[in-house]
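Here's the structure, in structure tokens; my notes come after.
The values are calculated or read from the model by the stated rules, or taken from the named source; none is laboratory data. Remember, predicted model here, so these are calculated numbers, not experimental data. All Cβ positions, even for glycine, are placed from backbone atoms using ideal geometry, and neighbour counts span all protein chains on display. In case anyone asks, the SASA skips ligands and DNA or RNA and just uses the protein heavy atoms, side chains included. Shrake-Rupley method; radii C 1.70, N 1.55, O 1.52, S 1.80 Å.
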Amino acid sequence: MTGAAGAQGATPRRYRTVFLGPPGAGKGTQAKSLAAADGALHISTGDMLREHVAKGTELGARAREYMEGGHLVPDALIIAMVEERLSRPDAQSSWILDGFPRTLPQAEALARSLAAHAQPLTHVLYFNVGRGVLLQRLTGRWSCGSCGAIYNVQFRPPAVAGVCDVCAGALRQRDDDRPEAVGVRLEEYERLTGPLLGYYQGLGLLREVDAEADPDVVEDQVREVLSSASN
Ligand code: AMP
């Protein structure tokens, strides 16, 4: 359930937050709905990269092979892309970073860049989900090529197989949601992104949400965390 901005009276007016967690944890779904309700900016590095690939930009060409295999794109490419996005005028109020940072060098680059603008992170939310649930979510995920609506063939199937309920567009599976790439993504997540939990815990920013719960329940948890003391 997505309330209008401030309807639940809990979310602070401004936040600069990172949604951290494994692929398939529901970060994107929550970020999208929260940003729409609060008028915040949703910055998804995965979406940005997929757009670059679709448009055939130089960055897209360089990122494509990594993405299709389920590997992380090199830090330098991603950091430059995010820094450019955060420097735009519409990123001077609330924003949610979804899918970035994913490595320690990315987190350190983000911290430097935000410190230079005196705009530190206010919260880091860790979406905690067990591996079994992730595997089911990722390998069953299909999305609409036209409007981006997300389905799961097991938990949330469309009314007609392969067709979007919202816009009748064709549903497709992301290359990196195929079983062979999912294993690589989860392994890289644990090895490269896992250390960020300790990093943000040490900075006193980390808050955990139970991301195995229903989306409505997760959203309530997210709002509660964002309404708690921030930096
Ligand atoms: P996502 O939609 O967040 O799962 O991202 C899809 C793919 O984009 C990932 O599997 C990576 O190949 C790439 N990607 C997205 N964000 C990052 C990041 N912060 N660092 C490196 N690669 C990324």
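Per Stokes-Einstein, at 10 °C and 1.306 mPa s, what whole-number D in µm² s⁻¹ belongs to region 191-231, with the Kirkwood radius over Cα pairs as the hydrodynamic radius?
Numbers: Rh = 11.5 Å.
Taking Rh from Cα pairs, D becomes 138 µm²/s.
Answer with one residue from LEU77, CYS164, GLY130: the one whose Cα lies farthest towards the positive end of the charge dipole of the chain, charges on Cβ with Lys, Arg +1 and Asp, Glu -1.
LEU77
Size of the dipole of region 95-162 about the Cα centre, Lys and Arg at +1 and Asp and Glu at -1 on the beta carbon, nothing else charged, in debye to 20? Intermediate results must be reported in sequence, preceding the final value.
Working: 6 positive and 2 negative charges, 42 e Å.
Here region 95-162 has a charge dipole of around 200 debye.
For a test of the definition: using alpha carbon positions, the gyration tensor, and the 1.5 limit on a/c, classify region 17-83 as rounded, prolate or oblate. Write down the numbers at each step before the final one.
Details: a/c = 2.02, a/b = 1.68, b/c = 1.21.
It comes out prolate by the Cα gyration axes.
In Å², what does the accessible area per residue of region 15-101 work out to with a 1.4 Å probe? Could the numbers behind the result be given before it?
Numbers: 3600 Å² over 87 residues.
Counting only protein heavy atoms, the per-residue value for region 15-101 is 41 Å².
Given q = 0.09, 0.12, 0.20 Å⁻¹, what are the Debye log10 I(q)/I(0) values for region 72-219, with equal point scatterers placed on the Cα positions and solvent ignored?
Taken in order of the listed q values, log10 I(q)/I(0) reads -0.36, -0.65, -1.34.
For region 133-231, what's the relative contact order in percent, using C-alpha pairs closer than 8 Å and at least 6 residues apart?
Computed over region 133-231, the figure is 19 percent.
If each Cα of region 47-120 is one equal point scatterer, what is log10 of I(q)/I(0) from the Debye formula at q = 0.13 Å⁻¹?
-0.40
Using a 1.4 angstrom probe with every protein chain in place, what is the largest-first accessible-area order of TYR15, TYR199?
Details: TYR15 0, TYR199 60 Å².
Accessible-area ranking of TYR15, TYR199, largest first: TYR199, TYR15.
So if I average 1/r over every pair of distinct C-alpha atoms in region 132-231 and take the inverse, what Kirkwood radius in Å does that give? Write out the running numbers ahead of the final one.
On the way: mean 1/r = 0.0627 Å⁻¹.
One decimal place: 15.9 Å for the Kirkwood radius.
Can you compute 3J(HN,Hα) from phi for each residue in region 18-30, using the Karplus curve 6.51 cos²θ - 1.76 cosθ + 1.60 with θ = phi - 60°, rounded to whole Hz and x for Gly and Pro?
10, 9, 10, x, x, x, x, 7, x, 4, x, 4, 5
Expressed as cubic angstrom per residue, what is the convex hull volume of the alpha carbon set of region 103-173?
Working: hull volume 10.5 nm³, N = 71.
Expressed per residue, the convex hull around the Cα atoms of region 103-173 is 148 Å³.
Using helices alone, what [θ] at 222 nm do you get for the chain, with -39,500 (n - 2.57) per DSSP H run of 4 or more residues, divided over all residues and rounded to the nearest 500? If you can, show how the numbers build up before the last one.
Working: 9 runs with 99 residues, N = 231.
Value at 222 nm, helices only: -13000 deg cm²/dmol.
Spin-label point model (7 Å from Cα, Cβ direction): what's the PHE155 to GLU108 distance in nm?
Going by the 7 Å Cα→Cβ label model, 3.6 nm.
Tell me, rounded to the nearest percent, the portion of alpha carbon pairs in region 161-216 spaced more than 12 Å apart. Mind dumping the intermediate values first?
Numbers: 1199 of 1540 pairs.
I get 78 percent for the Cα pairs in region 161-216 exceeding 12 Å.
Let me have the relative contact order for the chain, percent, based on Cα pairs under 8 Å that are six or more residues apart. Before the final figure, lay out each step's value.
Details: 342 pairs, mean separation 68.3, N = 231.
Once divided by the residue count of the chain, the mean separation gives 30 percent.
Please express the shape of region 1-148 as an equivalent ellipsoid: the semi-axes are the square roots of 5 times the eigenvalues of the C-alpha gyration tensor, given largest first in whole angstrom. Before the final figure, lay out the partial values.
On the way: eigenvalues 111, 88, 48 Å².
So the equivalent ellipsoid measures 24, 21, 15 Å along its semi-axes.
In the chain, what percent of the accessible surface is made up of carbon and sulfur (1.4 Å probe, ligands and nucleic acids excluded)?
54 percent
Provide the solvent-accessible area of VAL160, counting protein heavy atoms only and rolling a 1.4 Å probe, rounded to the nearest 10 Å².
90 Å²
Whenever you get a sec, line up ILE79, ILE150 from highest to lowest accessible area (probe 1.4 Å, protein heavy atoms).
Working: ILE79 30, ILE150 80 Å².
Correct descending sequence by accessible area is ILE150, ILE79.
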